[in-house]
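The structure under discussion appears below in the form of C-alpha cells.
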C-alpha cells in the first residue's frame, strides 16, 4: 500500500479516534498526502473550491434556512396541531402526531436535524407532560426526524445527485415509498407499545376542532404542495425550489402568522449558516480526499477485487450495506457519501445496479445513520432538547433502528420500492 493510501486510511481513522472534527481530519490527511506525494500544495484549495461550485449544492443552505424560518415563524406548531386533531385518538396518539407532523415538515425542510429540532421542540415537552418518558419521546422524535432525507425534497439526495451525476428529481421520487414505509413502521411500533403499556387514549377531535386546526394550518400544509408541485410541475428546479421555500416561509411567518420579526432574522439566518457551513466544509475537503482516492485508483482496485471475489450481486449489496451502516454509526454521513461515493458507484456499475435504485439504498442507509448510536447527528439534536443522556435514548431507539434496517433490506432487494414512482 502506498504512503498516500496509508495516510488516507489509517491516518484519517487515527485522527477521528482522537476526536478531531471530521472536516479538519479529512483536510489534514489530504494536505499530508499531497505534501508527501510531491503534488503541488495549491491543489488542495483549488479542489476545495471546485468541489463546492455546483449549482445543485446551493439547495443545501436554502433548505436549511427554510426549515429555520418555518420553525421561527410558527409553522411547525401549526403542523403539530393539524396532526393532533386527526390522529391523537389512536393508540399511542402523541407518537402518531410526531410522525405525521415530521413527515409534512420534512417535505419542506429537506433536513433531518432541522426536522428533529422543529418537531422536537414542540413534541418532546408535550409527550413528557402526557406521561411518556423523556428517553422515549427523544427516541421517537429523532426517528421521525430522519424521514427528511427520504421524503422529498432531500439535502442528502441533492448531495448524492451531484456526486453520482444523476437526476435529483428522480432521486427525490425514489425516496418517497421508502420514507412512507418507514413512517408506517414507526406508527406500528408506537401502536404496539401503547397497547402493551395500556396507555390511555386521547379523545377524538370534534368537527369544530378539526375545522379550526385546518383553518389555522392551511398555510403550513400548502408549503410542501408549493415546493414539490413546483418541482414536478416543471416550474422550477430543486435548487430554485429551496429559494421558493425560504420566501414562502418568510412570507407566512412574517405577514400571515406574524410571529417572525425582523429582529429575529439575524439569529435565524445565523443558525442556518452555521449548519450549512459544517456541511459545505465537509463537502469541500472531501472533494480533495476523493481526488486522491481516484489518483491512487483505490475505487478501481476495490471494484476489481470485489468483481473477482464476489460473484453474487445480493452478497455485494449486503456487504456494502453492512459496511456503510457501521461507518455511519461512527462517522459523518455526508463525509462518507462524498469520500466513498466514487468508489461505491464504481462497484455498483461493476454489478449492474440501477443508479437511481443505488442512490435510494445509500440515502436510506444515511438516514438511519443519523439516528444510530453512538454519534448520529439527530441523536444529539434530540438530546439537546430533552436533556437526556445517550444511553437511555440509545435503548429506547433500538426498536426503531431495527425496523429501519428491515426497510433498508426491502429497498436493497426489492427495487420496486425505490423505482415504482420513477419509471
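The values are calculated or read from the model by the stated rules, or taken from the named source; none is laboratory data. This structure is a prediction, so every number in the text was calculated from the model and none was measured. In this analysis, Cβ positions are derived from the backbone assuming ideal geometry, glycine residues included, and neighbour counts consider all displayed protein chains.
Structure data summary
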{"read-out": "In segment 204-217, the residues that are surrounded by fewer than 13 Cβ atoms within 10 Å (Cβ to Cβ) and either at pLDDT below 85 or assigned to a helix (DSSP H, G or I) (or both)", "value": "207, 208, 211, 215"}
{"read-out": "Residue satisfying condition, being out of contact with any strand residue (DSSP E or B) (no Cβ under 7 Å at 6 or more places or on another chain) and surrounded by fewer than 24 Cβ atoms within 10 Å (Cβ to Cβ), within set 142, 100, 108", "value": "100"}
{"read-out": "Count of residues meeting criterion [free of Cβ contacts under 8 Å to residues at least 40 places away in the same chain and in a helix (DSSP H, G or I)] in segment 38-78", "value": "2"}
{"read-out": "Whichever residue in segment 15-41 is surrounded by fewer than 14 Cβ atoms within 10 Å (Cβ to Cβ) and in contact with a helix residue (DSSP H, G or I) (Cβ under 9 Å, 6 or more places away or on another chain) and, among such residues, is nearest to residue 335 (Cα to Cα)", "value": "24"}
{"read-out": "In segment 367-400, the residues that are more than 16 Å from residue 98 (Cβ to Cβ), within 17 Å of the chain's Cα centre (by Cα) and either surrounded by fewer than 19 Cβ atoms within 10 Å (Cβ to Cβ) or modelled with pLDDT of 95 or more (or both)", "value": "373, 374, 375, 380"}
{"read-out": "Which listed residue is in the same structural domain as residue 348 (by TED's automatic domain parsing) and either over 17 Å from the mean Cα position of the chain (by Cα) or free of Cβ contacts under 8 Å to residues at least 24 places away in the same chain (or both), from 161, 216, 179", "value": "216"}
{"read-out": "Within segment 248-266, tally of residues that are in contact (Cβ under 8 Å) with a residue 12 or more places away in the chain and in a helix (DSSP H, G or I)", "value": "8"}
{"read-out": "Matching residues, segment 280-332, being more than 26 Å from the chain's Cα centre (by Cα), in a helix (DSSP H, G or I), farther than 18 Å from residue 162 by Cα and modelled with pLDDT under 75", "value": "295, 298, 300, 301, 302, 303, 304, 305, 306, 307, 308, 309"}
{"read-out": "Options 27, 74, 19; residue that is outside the structural domain of residue 261 (by TED's automatic domain parsing), within 30 Å of residue 141 (Cβ to Cβ) and out of contact with any strand residue (DSSP E or B) (no Cβ under 8 Å at 6 or more places or on another chain)", "value": "19"}
{"read-out": "Some residue of segment 231-245 being in contact with a helix residue (DSSP H, G or I) (Cβ under 8 Å, 6 or more places away or on another chain), crowded, with 16+ Cβ neighbours inside 10 Å and within 30 Å of residue 43 (Cβ to Cβ)", "value": "yes"}
{"read-out": "Qualifying residue in segment 227-247 (condition: in a helix (DSSP H, G or I), assigned by TED's automatic domain parsing to the domain that holds residue 65 and under 16 Å from residue 77 (Cα atoms))", "value": "no"}
{"read-out": "Flag if residue 269 is modelled with pLDDT of 75 or more and part of a helix (DSSP H, G or I)", "value": "yes"}
{"read-out": "Qualifying residue in segment 125-134 (condition: part of a helix (DSSP H, G or I) and either buried (at least 24 other Cβ atoms within 10 Å of the Cβ) or touching a strand residue (DSSP E or B) at 6+ places or on another chain (Cβ under 7 Å) (or both))", "value": "no"}
